Amino acid sequence: MNLTELNRIATAMVAPGKGILAADESSGTIKKRFDAIGVESTEANRRDYREMLFRSKEAMSQYISGVILFDETIWQDAKDGTPLIKLIEESGAIPGIKVDEGTQALPMCPGELVTVGLDKLAERLKKYHERGARFAKWRAVIDIGSGIPSMTAIGVNAHALARYAALCQAAQIVPIVEPEVLMDGDHGIDRCFEVTQRVLNKTFQELRVQRVALEGMVLKPNMAISGKKCAKEASVEEVAEKTVRLLKICVPAAVPGIAFLSGGQSDEEATAHLNAMHKLGPLPWGLTFSYGRALQAAPQKAWSGKAENVAAGQRAFSHRARMNGLAAKGEWTSSLEKKAA
């Protein structure tokens, strides 16, 4: 393992003013997104849509540090025969790959899930590295509900995340470690804080046990936020303050950076929360975004599967990428959103 090189890549992934585009939707998820805009989810349509994003020169070169790909996409070629992974490299962004194989019900733990995909992961990582992937992603899902999460669910998911991370580093690939505490439910921000603290503490404990080099990874956590069905929504300032406090308690300074998931927040909410965190003074790690829906909802709608809408889709993507790039330096304001609109 060349830790100097892993650290260089991890640091580039969280470079100031840049963040990660999560374009790794599973076939089922992208079908739902395409259904919403009246587009059939065919391999050609999925390729055309992602090619549109990767050819958005302004967004990709100025605000996107890396792109997480789905297995289908990493092997696809653009319409002109250029491998899609090459378009990402040419823009200056780093190609990455989602390697988990989704979730299964966790035995003896009703309502809880475990992420799977460790079998044969070492061989898969070798092929992805040969193809050009320099980082990977594995998502654990922790739900908050009545009597959950159990320490069983937290423990097995943290263990799997750490094993995945160790396999990545052995394959010279930077692991994005993503323990997501879901914002579904009616819990308040304090309950989210408490559960996320337990999840992060257990995750870092397992990473140490598996001898993962913290300098060669990126953390992708949720923010401390109220549940979607909570009667009282926490303010932007409270989300920022509690999230930063939580991370300072749990995340060692050796980690080069933290790239948040948007987790069902609206485009503007995700941007405002990240921006507010940067207003809280210097932090021990880089702090940026790794958004999927919060970067893509607007361009998907603008594109709507029509070739004549590609330029409009790219403009919408560039705008969202720029807004989040500014937020990742604490320079975003809501008036900039209105100006563009």
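Considering the conditions (1) modelled with pLDDT of 95 or more; (2) assigned to a helix (DSSP H, G or I); (3) crowded, with 22+ Cβ neighbours inside 10 Å, A270 is excluded by exactly one of them, (1).
Matching residues to (1) outside any helix (DSSP H, G or I); (2) without any contact (Cβ under 8 Å) to a residue 60 or more places away in the chain:
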position: E241; (1), (2): no, yes
position: A254; (1), (2): yes, yes
position: F289; (1), (2): yes, no
position: K301; (1), (2): no, no
position: E308; (1), (2): no, yes
position: A316; (1), (2): no, yes
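Within the stretch 94-109, the set of residues being in contact with a Gly (Cβ under 9 Å, 6 or more places away or on another chain) and without any contact (Cβ under 8 Å) to a residue 60 or more places away in the chain comprises P95, E101, A105. Among residues of the stretch 292-332 being basic (K, R) and open to solvent by 30 Å² or more (accessible area, probe 1.4 Å), the one that is nearest to L53 (Cα to Cα) is R315.
Before we move on, is L283 of a type outside the set (F, W, Y) and surrounded by fewer than 20 Cβ atoms within 10 Å (Cβ to Cβ)? So L283 passes the test. Of note, E233 does not satisfy the criterion of being assigned to a helix (DSSP H, G or I), at pLDDT below 95, open to solvent by 10 Å² or more (accessible area, probe 1.4 Å) and over 23 Å from K31 (Cβ atoms). In the stretch 272-286, the residues that are touching a residue at least 24 places away in the same chain (Cβ under 8 Å) form Cβ pairs under 7 Å with partners that are hydroxyl-bearing (S, T, Y) and crowded, with 18+ Cβ neighbours inside 10 Å, at six or more places apart or across chains, as follows: M277/T243. In this structure, is E178 within 24 Å of E89 (Cβ to Cβ) and surrounded by fewer than 19 Cβ atoms within 10 Å (Cβ to Cβ)? Answer is no for this residue. Kindly indicate whether any position in the stretch 299-311 is of a type in the set (V, I, T) and more than 23 Å from I258 (Cβ to Cβ). Within the stretch 299-311, one or more residues are of a type in the set (V, I, T) and more than 23 Å from I258 (Cβ to Cβ). Going through (1) touching a helix residue (DSSP H, G or I) at 6+ places or on another chain (Cβ under 8 Å); (2) within 21 Å of P110 (Cβ to Cβ); (3) among the small types (G, A, S); (4) open to solvent by 10 Å² or more (accessible area, probe 1.4 Å) one by one, A170 falls short only on (2). Looking at A240, A253, A259, which one is surrounded by 23 or more Cβ atoms within 10 Å (Cβ to Cβ) and of a type in the set (A, V, I, L, M)? Result: A259 is the single residue among A240, A253, A259 that is surrounded by 23 or more Cβ atoms within 10 Å (Cβ to Cβ) and of a type in the set (A, V, I, L, M). Answer yes if at least one residue in the stretch 151-167 is in a loop (DSSP other than H, G, I, E, B) and surrounded by fewer than 22 Cβ atoms within 10 Å (Cβ to Cβ), and no otherwise. Scanning the stretch 151-167, I find no residue that is in a loop (DSSP other than H, G, I, E, B) and surrounded by fewer than 22 Cβ atoms within 10 Å (Cβ to Cβ), so the answer is no. Among the residues of the stretch 24-46, not a single one is part of a strand (DSSP E or B) and either at pLDDT 95 or above or open to solvent by 30 Å² or more (accessible area, probe 1.4 Å) (or both).
What pairs come out if I take residues in the stretch 25-52 that are under 21 Å from K137 (Cβ atoms) and pair them with residues that are aromatic (F, W, Y) and in a helix (DSSP H, G or I) whose C-beta lies under 7 Å away, six or more apart or interchain? Going by the 7 Å Cβ cut-off, the qualifying pairs are Y49/W303.
The values are calculated or read from the model by the stated rules, or taken from the named source; none is laboratory data. Because the structure is a prediction, the values reported are computed rather than measured. With ideal geometry, Cβ positions are generated from the backbone for all residues, glycine too; neighbour counts draw on all protein chains shown. The area values use the complete protein model at the heavy-atom level, side chains included, leaving out ligands, DNA and RNA. Shrake-Rupley method; radii C 1.70, N 1.55, O 1.52, S 1.80 Å.
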